[in-house]
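One structure is given here, and the rest of the page talks about it.
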Amino acid sequence: MLEAENLMVFFENALALNGFSMQVKPGEIIGVIGSNSAGKTTLMNTLSGLIIDMRIKEKRKGGERITVYGRILYKGKDITDYPPNERVKMGIVLSRERHPIFPESSVAENFQIAGYLRKRAEINQVRKYVYSLFPTLESLRKRKAGFLSGGEQQMLAIGMALVVKPELLLLDEPLLGLSPLMQKAVMDAILDLNKTEGITVILSEQFARPVLPVINRGYVVENGMLTLTGTGKELMNNPEIKAAYFGV
Ligand SMILES: Nc1ncnc2c1ncn2[C@@H]1O[C@H](COP(=O)(O)OP(=O)(O)O)[C@@H](O)[C@H]1O
Ligand SMILES: [Mg+2]
């Protein structure tokens with residue numbers, strides 16, 4: 001479904017992604033595991049095309065700070081130069097790190113905003129599904145999104161991405177700052193949308209523990225480089241992973 005070949009991203013002279021490659025098959029849940037600054041967000045921005053917008057903005061400011069090399073194929077098509085909106089139309093939807101919601105609007109209005117290109121009936125259908133995934137959200141539907149807890153905002157952010165009807169959903173650190181209970185609710189929801197809606201998922205995460213049991217395969221990244229890859233199970237049993245991520 002998706003192939004990334006030898007991605008290199010420079011911010012000025014700093015290499016944020018260094019020859020990173022990955023292959024994703026339809027229906028998979030893929031984890032990208034790496035510590036802070038490993039390059040997870042840069043990878044997500046590169047796959048979603050956001051990096052192209054960032055590069056253009058930087059250029060306008062007078063610098064040529066961001067350089068991207070490598071190739072991205074989606075369903076066999078070379079989308080390396082496609083801007084994010086083109087990729088969204090093809091079904092690649094990114095839910096960014098740290099909840100990009102509209103804080104002054106209610107939970108229900110946030111769905112409306114995210115689905116502005118969709119028919120009302122479609123939005124309502126997805127909203128119903130999201131409320132079944134996250135029953136808490138339904139009881140909070142009239143609350144301003146800015147007053148939700150971190151976990152509730154993350155649920156809303158995932159819901160807003162679903163309104164856009166992703167085929168490939170990119171989730172950048174969806175567990176960041178959440179309690180173990182909330183992390184479990186989010187991981188359960190990811191499993192559900194994968195199983196019942198057939199959505200392919202790439203999610204990034206610093207902490208392997210809640211993620212490895214759920215993912216089909218994982219890519220471990222350090223300093224922008226792929227250091228290890230395998231099934232969730234293989235990674236869970238890997239001594240290096242155990243030492244680095246499980247403290248044993
Ligand atoms: N806009 C930017 N300008 C300069 N350096 C950046 C920028 N974004 C990320 N970086 C650098 O690229 C590396 C990877 O960052 P990032 O992709 O955000 O990692 P992660 O999401 O895994 O924490 C880091 O060294 C970071 O400092
Ligand atoms: Mg990040």
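The values are calculated or read from the model by the stated rules, or taken from the named source; none is laboratory data. All values derive from a computational prediction rather than experimental measurement. Here the Cβ is made from the backbone with ideal geometry for all residues, glycine too, and neighbour counts use every protein chain on show. These area figures cover heavy atoms from the full protein model, side chains too; ligands, DNA and RNA do not enter into them. Shrake-Rupley method; radii C 1.70, N 1.55, O 1.52, S 1.80 Å.
When each of GLU173, GLU167, GLU152, GLU122 is tested for being out of contact with any Gly (no Cβ under 8 Å at 6 or more places or on another chain) and either at negative phi or without any contact (Cβ under 8 Å) to a residue 24 or more places away in the chain (or both), the lone residue that passes is GLU152. Does the range 95-105 include one or more residues that are within 16 Å of ligand 1 (Cβ to nearest atom), open to solvent by less than 40 Å² (accessible area, probe 1.4 Å) and modelled with pLDDT of 90 or more? Among the residues of the range 95-105, at least one is within 16 Å of ligand 1 (Cβ to nearest atom), open to solvent by less than 40 Å² (accessible area, probe 1.4 Å) and modelled with pLDDT of 90 or more, which makes the answer yes. Working only within the range 175-222, note down all residues that are open to solvent by 30 Å² or more (accessible area, probe 1.4 Å) and either among the polar types (S, T, N, Q) or touching a Lys or Arg at 6+ places or on another chain (Cβ under 6 Å) (or both). Passing the criteria: SER179, GLN183, THR196, GLN206, ASN216.
Yes or no, residue by residue, for (1) within 10 Å of ligand 1 (Cβ to nearest atom); (2) closer than 11 Å to PRO84 by Cα:
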| site | (1), (2) |
| --- | --- |
| ILE29 | no, no |
| VAL32 | yes, no |
| LYS40 | yes, no |
| ASN45 | yes, yes |
| LEU50 | no, yes |
| ASP53 | no, yes |
| LYS59 | no, no |
| GLY63 | no, no |
| ILE66 | yes, no |
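Scan the range 127-158 for residues that are crowded, with 20+ Cβ neighbours inside 10 Å, over 21 Å from LEU203 (Cα atoms) and polar (S, T, N, Q) and the total you get is 0.
Considering only the range 13-27, how many residues are among the charged types (D, E, K, R) and near ligand 1 (Cβ under 7 Å from one of its atoms)?
Of all residues in the range 13-27, those among the charged types (D, E, K, R) come to 25.
Subset that is near ligand 1 (Cβ under 7 Å from one of its atoms): none.
The number of residues fulfilling the criteria is 0.
Hey, among MET44, MET90, which residue is within 16 Å of ligand 2 (Cβ to nearest atom) and open to solvent by less than 70 Å² (accessible area, probe 1.4 Å)? Reasoning before the result, please.
Numbers: MET90 fails: within 16 Å of ligand 2 (Cβ to nearest atom).
Answer to the check: MET44.
Being in a loop (DSSP other than H, G, I, E, B), of a type in the set (Ser, Thr, Tyr) and out of contact with any Cys (no Cβ under 7 Å at 6 or more places or on another chain) holds for only one residue in TYR219, TYR116, TYR131, and it is TYR116.
The residues of the range 16-30 that are of a type outside the set (A, V, I, L, M) and either free of Cβ contacts under 8 Å to residues at least 12 places away in the same chain or crowded, with 23+ Cβ neighbours inside 10 Å (or both) amount to a single one, PHE20. Does any residue of the range 108-116 turn out to be buried (at least 21 other Cβ atoms within 10 Å of the Cβ) and in contact with a Leu (Cβ under 7 Å, 6 or more places away or on another chain)? Yes, the range 108-116 contains at least one residue that is buried (at least 21 other Cβ atoms within 10 Å of the Cβ) and in contact with a Leu (Cβ under 7 Å, 6 or more places away or on another chain).
For the range 51-87, the set of residues classified as of a type outside the set (S, T, N, Q), open to solvent by less than 40 Å² (accessible area, probe 1.4 Å) and free of Cβ contacts under 8 Å to residues at least 60 places away in the same chain consists of ILE51, ILE52, GLU58, GLY63, ILE66, ILE79, PRO84, ARG87, listed by residue number.
To keep it simple, each residue is scored yes or no on (1) within 17 Å of the chain's Cα centre (by Cα); (2) within 16 Å of ligand 2 (Cβ to nearest atom).
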| residue | (1), (2) |
| --- | --- |
| GLY63 | no, no |
| ARG96 | yes, yes |
| GLY115 | no, no |
| ALA121 | no, no |
| TYR129 | no, no |
| SER149 | no, no |
| ILE158 | yes, no |
| VAL163 | yes, no |
